[in-house]
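The structure under discussion appears below in the form of structure tokens.
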Amino acid sequence: MESDNSAGFTYLGRNFSNLSVNDHSSAFSDCNSDRSGEFPSASSESRRLLLSCASDNSDDLIRHLVAHLDSSCSIDEQKQAAMEIRLLSKNKPENRIKIARAGAVKPLISLISSSDLQLQEYGVTAILNLSLCDENKDLIASSGAIKPLVRALKMGTPAAKENAACALLRLSQVEDNKVAIGRSGAIPLLKDASTALYSLCSARENKLRAVQAGIMKPLVELMADFGSNMVDKSAFVMSLLMSVPESKPALVEEGGVPVLVEIVEVGTQRQKEIAVSILLQLCEESVVYRTMVAREGAIPPLVALTQAGTSRAKQKAEALIKFLRQPRSVTSNGGRSSQL
């Protein structure tokens, strides 16, 4: 990629200068925010986007971009501004607060309701990126984002649906937002979106991102709600995340152990199989976690599963029972797992 130490450009009738560009492409790293393929590397538009993203003096640019989100601007101007904002908010965490404070949240929410599906997608993705900052969650929800996000989850492009689901999960980490999200009709739609999350989390890099973004808490809550029909799909997503070491303490911290043991006891055969698989991965290298699982009363339902479960569930249940029945005072590092 071309490299400049000092560059300027005219954007939407205004000149910007003293923008530096480094010779690397990390600004366009692969993540679900930029999955739509609208950033052709050879185009002049792509160069302007990269210059914007690399700007060390972004305040003036941010104010300018926010102004061009307004409905009085043309669709093309709104799209360009929204694309710039989604990149600025993706790659520089400090920009997420700056963008929100500059008044971008409400106009971005308006874009989510646009009849132009591409513009809607840009608005959804920018809101998702802003929601990665905890400080912005209350502002996003109180500004009326939940209902438009649910509509995008139902009627948007595939990328908009995925990102709307992720944004709603982020907002659900605030206690006051949970009821509003539930009443909005999001739960049945999130059932379908969980398939997309499962697909995204097949990449190791995305697994770590998901755990760091706090996905374990909503997953545990969905697994615990047997009436929501989300147990299977949320458990599928969690089973993928278990290969990331950071997921294990997160699962325990969010109260996942008693939920998983309950699933082994009263869930469907398929649910039991997934729950046992998750517990097995949790306990493989940790005596502390084995003790926690045993104290939750896991052994009796596991024994029952070895007698009446699927062949795979029986095999995993037997392996887990062996772990739980091992002496708990003898470990290779003084009684504590290296994972804790």
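The values are calculated or read from the model by the stated rules, or taken from the named source; none is laboratory data. Note that this is a predicted model, so its numbers are computed, not measured. Quick reminder, even Gly has a Cβ in these numbers, built from the backbone with ideal geometry, and neighbours come from all protein chains shown. Accessible surface areas use protein heavy atoms only, side chains included; no ligands, DNA or RNA. Shrake-Rupley method; radii C 1.70, N 1.55, O 1.52, S 1.80 Å.
For the range 118-176, what % of the accessible area comes from carbon and sulfur atoms, probe 1.4 Å?
52
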- Message: For a protection proxy built on the mean count of beta-carbon atoms within 10 angstrom, sort 269-277, 63-71, 211-219 highest first, please.
- Response: 269-277, 211-219, 63-71
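Just the number, please: Stokes-Einstein D of the range 112-159 in µm²/s, Kirkwood Rh from C-alpha pairs, 10 °C, 1.306 mPa s.
146
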- Message: Taking every pair of distinct Cα atoms and averaging 1/r, then inverting, what Kirkwood hydrodynamic radius in Å comes out for the range 75-136?
- Response: 11.2
- Theoretical gain in end-to-end length, SER74 to VAL266 [0.36 nm per residue, Cα-Cα removed]: 63.5 nm
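Could you order the peptides 243-253, 75-85 from most to least packed, using the average number of other C-beta atoms within 10 Å per residue? Kindly include the intermediate steps, with their values, before the conclusion.
Working: 243-253: 18.1, 75-85: 21.9.
With the highest mean Cβ count within 10 Å placed first, the list reads 75-85, 243-253.
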- Give me Rg over Rh for the range 58-195, both radii from the alpha carbons and Rh done the Kirkwood way, two decimal places. 0.95
- Segment GLN173-GLU135, length gained on full extension (0.36 nm per residue, minus Cα span): 12.5 nm
- Query: If eta is 1.306 mPa s and T is 10 °C, what Stokes-Einstein diffusion coefficient results for the range 166-319, Kirkwood Rh from Cα pairs, in µm²/s?
  - Reply: 101
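Which links in LYS90/LYS137; LYS90/LYS207; LYS161/LYS248 stretch past 19 Å when you go from one Cα to the other?
On the way: LYS90/LYS137 16 Å; LYS90/LYS207 17 Å; LYS161/LYS248 28 Å.
Checking Cα-Cα distances, LYS161/LYS248 exceed 19 Å.
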- What is the set of long-range amide H partners of CYS133 at a cut-off below 5 Å, with H atoms built 1.01 Å from backbone N? none
